[in-house]
1. Condition test on ALA215, is it touching a residue at least 12 places away in the same chain (Cβ under 8 Å) and either farther than 22 Å from VAL379 by Cβ or under 16 Å from the mean Cα position of the chain (by Cα) (or both)?
2. Hey, among ILE293, ILE277, ILE270, ILE334, which residue is open to solvent by 10 Å² or more (accessible area, probe 1.4 Å), of a type in the set (Val, Ile, Thr) and touching a residue at least 24 places away in the same chain (Cβ under 8 Å)?
3. Listed residues SER171, SER150; which is among the hydroxyl-bearing types (Ser, Thr, Tyr), buried (at least 24 other Cβ atoms within 10 Å of the Cβ) and modelled with pLDDT of 85 or more?
4. Kindly establish whether GLY188 is at negative phi and crowded, with 24+ Cβ neighbours inside 10 Å.
5. Checking LEU449 against (1) within 21 Å of VAL272 (Cβ to Cβ); (2) open to solvent by less than 40 Å² (accessible area, probe 1.4 Å); (3) at pLDDT 80 or above; (4) touching a Leu at 6+ places or on another chain (Cβ under 8 Å), only one condition comes out false. Which one?
6. Do we have GLY359 as out of contact with any Lys or Arg (no Cβ under 9 Å at 6 or more places or on another chain), in a helix (DSSP H, G or I) and without any contact (Cβ under 8 Å) to a residue 12 or more places away in the chain here?
7. Which of the numbered conditions does VAL223 fail, given that it passes all the others? Conditions: (1) within 16 Å of ILE34 (Cα to Cα); (2) without any contact (Cβ under 8 Å) to a residue 12 or more places away in the chain; (3) not small (Gly, Ala, Ser).
8. Return the residues of region 130-147 that are within 17 Å of PHE234 (Cα to Cα) and open to solvent by 20 Å² or more (accessible area, probe 1.4 Å); say none if nothing qualifies.
Amino acid sequence: MLSLDCSNMRQCRIIVAMVVYISLFLDNMLLTVIVPILPDYLVQFHDKVPASVIYKNFSLHYVPKLIGAVSEAVVVVQPTNPPVDKTPTIEQENGSIGILLGVKALVQLLANPLVGSGTARYGYCVPITFGTINLLLASLIFGFGTSYTSLFVARAIHGVGSACIGVCGMSLVAQLYTEPERRSKVMGTVLGAMAVGVLVGYPFGGIAYEMAGKAAPFHVLAVLCAGNLVLQYFQLDLSAYHINPLPHDSSTTTEDKRATWWPLLSNRLILVVVGGIWISTSAMAILEPCLPIWMISQLHPKKWQLGTVFIPDSIGYWLGTNFFGSVAYRFGQIRVSIVALLLVGSSCILIPSANTVAGLLLPHLGLGLGIGVVDAALVPLLATLVDAQLSHHPDQDVGFSVEESGGEHGYGAVYAIQQIAVSVAYSLAPIIGGELVPVIGFATVLRALGVLNILYVALLTCSSLRSSVGNVPGGTGKQTDLPLASSEPTSYRRFYNTLE
């Protein structure tokens, strides 16, 4: 599947992993670089809406229903800026602005299963390149666009690119690194690209915007995406789609598609692991739109503090993904994720107790660190579970082929499921939070979510114990240990991926 003309196989896969890292970095940089620029874009198209209101309403992922609630809060706290007669206009524009903010996450949610299924025919390299092309197009449209429609199209295209890179990037790394400990470390490092992209995107967008105009940062991103495409051309085998053509018979195709997904969806431990990723991500998804409103009403922060309050989360996430991948493997990926979920839950409970903006720093750092450790532990574990699924069906057609290195179809499907969970978190959590916060309050909502994260530990523990001593879902044999795709001696009986 890869172009392995390198003189050293280890160096070659490091370069490919670097390509995935760069792609994820550019994806998240494009997501955040627009934050300081979007207000001027929206004011240009909606000149009756106060820029201050639009700025405080912006969320990285979306918030259709929350914009109205935010605007009301801003009017109450800062009554001197927006005149009363402009409030109806804000409500009228609520739908169009909400659609603009939400289209990226929605398109990504819809595209994830399509990309996961498409890996059976096109492999992983072609979708990654296609996703990078989408990032290039989105950057150019953002840079040259002069209408609301152009922004809408750019964010939709960005959603397709994110789905391709997110699903196939992690699948490709999982296929390259079959040694579980090395896989856990490298996948954690690659996941850290998202945090780096977020951290770089904010200041880069603001500085480039101030110095050279709103189109400048997007032109730079377009050049970077073009450079990444050149790197992919030389390092990835883009002819991989010839390897696994789909059968022409429609009934066979339907059965192959079902066989690719159903064994994974019927595996209880896979669903519980994905659920752990979903519930931890939901904490951040609720905070993004709701925390600034609560800060304005309770802490009265300065404007720059609203924009920097999430930096500790990104730093914590980067620390968690970069330094806890191998730690999770050595001490048990489920064990470490349990501790991380407890940290996420505790941080959610502590955040509403802060009396100053400085008091938010430590809980936010803990939240980001917890989510990063959960991802570093559980995302590589999904690949190990796919390997386990393959080993328990050596003679059955379950959508995997032994000849395909690492069960590549299963990797594409399982990481599509994982990306769907993340997209659902960023789509559903803010809407639910936006409905509940005005009714029961921000503190109650966040603390309830923290308790749910803590309670989820019991489900993760029980499911892991059942999988380690009972029947494997979808299989017939007893499982005493999750098979590790390595050459370690069988006498080395440490349960890295399950609980004893």
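The values are calculated or read from the model by the stated rules, or taken from the named source; none is laboratory data. This is a predicted model, so every value here is computed, not measured. Don't worry about glycine lacking a Cβ; one is built from the backbone with ideal geometry, like all the others, and counts go over all protein chains shown. SASA here: full protein model, heavy atoms, side chains in, ligands and nucleic acids out. Shrake-Rupley method; radii C 1.70, N 1.55, O 1.52, S 1.80 Å.
1. On the way: touching a residue at least 12 places away in the same chain (Cβ under 8 Å): yes; either farther than 22 Å from VAL379 by Cβ or under 16 Å from the mean Cα position of the chain (by Cα) (or both): yes.
Judged against the criteria, ALA215 is a match.
2. Only one candidate qualifies: ILE293.
3. SER171
4. On the way: at negative phi: yes; crowded, with 24+ Cβ neighbours inside 10 Å: yes.
It is true that GLY188 is at negative phi and crowded, with 24+ Cβ neighbours inside 10 Å.
5. The single condition LEU449 does not satisfy is (4).
6. yes
7. (1)
8. PHE130, ILE133
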